[in-house]
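Below: one structure, written as structure tokens.
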Amino acid sequence: MHCYLTEGRTFKCRRCLRCCEQPGFVYIREEEAERIAGFLGIEVPVFVNQYCDLWERRALVLKKKEDEKCFFLGDEGCLIYDARPDQCRDFPSKWKTERSLEYCDGMNGNRKGMISNRIKIRERI
């Protein structure tokens, strides 16, 4: 996936997964809940009750782990990647934070993160 960011920067996702580890909320619309529930093979009410929270009584958000990581982030990546919410699909082409350049390997050629990922992979071997 290539996309162009502001100021002539380009983005290519390197699957560093750091976007899934950031604090904040992943908002879910009704059609996204239906898509994810279908992917998981469960009914929408079951998905909402098990995997979502109601934020400020008005927005449905994915539950997070205690360490703020996405509930669906597994050891090898996103467990619902093919059905992931649009907010996840749209990062960073349609939205990003000021900190995105600090943690995202794909933005602006973040070599530091790429090197740390290689070290992690070598440690597993």
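Scanning region 56-69 for residues that are surrounded by 12 or more Cβ atoms within 10 Å (Cβ to Cβ) and more than 16 Å from Glu32 (Cα to Cα) yields a count of 2. Do we find that Phe91 is crowded, with 17+ Cβ neighbours inside 10 Å, among the hydrophobic types (A, V, I, L, M, F, W, C), within 15 Å of Arg15 (Cα to Cα) and at pLDDT 90 or above in this structure? Here the answer is no, as Phe91 does not meet what is asked. Would you check if Arg15 is closer than 26 Å to Cys104 by Cα, at pLDDT below 95 and not in a helix (DSSP H, G or I)? Considered against the rule, which asks whether it is closer than 26 Å to Cys104 by Cα, at pLDDT below 95 and not in a helix (DSSP H, G or I), Arg15 comes out as yes.
So that you can scan it fast, the table gives a plain yes or no per residue for (1) under 25 Å from Met107 (Cβ atoms); (2) aromatic (Phe, Trp, Tyr); (3) outside any helix (DSSP H, G or I); (4) more than 16 Å from the chain's Cα centre (by Cα):
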site: Phe25; (1), (2), (3), (4): yes, yes, yes, no
site: Ile42; (1), (2), (3), (4): no, no, yes, yes
site: Val61; (1), (2), (3), (4): yes, no, yes, no
site: Cys88; (1), (2), (3), (4): yes, no, no, no
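If the condition is being surrounded by 15 or more Cβ atoms within 10 Å (Cβ to Cβ), out of contact with any strand residue (DSSP E or B) (no Cβ under 6 Å at 6 or more places or on another chain) and under 17 Å from Asp82 (Cβ atoms), then region 22-33 contributes Glu32, Ala33. Taking first residues from region 32-46 that are closer than 18 Å to Ala59 by Cβ and partners that are assigned to a loop (DSSP other than H, G, I, E, B), the Cβ contacts under 6 Å between residues at least 6 apart in sequence or on separate chains come to Glu32/Pro85; Ile36/Ile80. So is Arg57 in contact with an Asp or Glu (Cβ under 6 Å, 6 or more places away or on another chain), at pLDDT below 95 and not hydroxyl-bearing (Ser, Thr, Tyr) or not? No; evaluated as a whole, the condition is false for this residue.
The values are calculated or read from the model by the stated rules, or taken from the named source; none is laboratory data. Being a predicted model, the structure only gives us computed values, none of them experimental. A quick note on method: Cβ atoms are made from the backbone with ideal geometry, for glycine too, and the neighbour counts reach across all protein chains shown.
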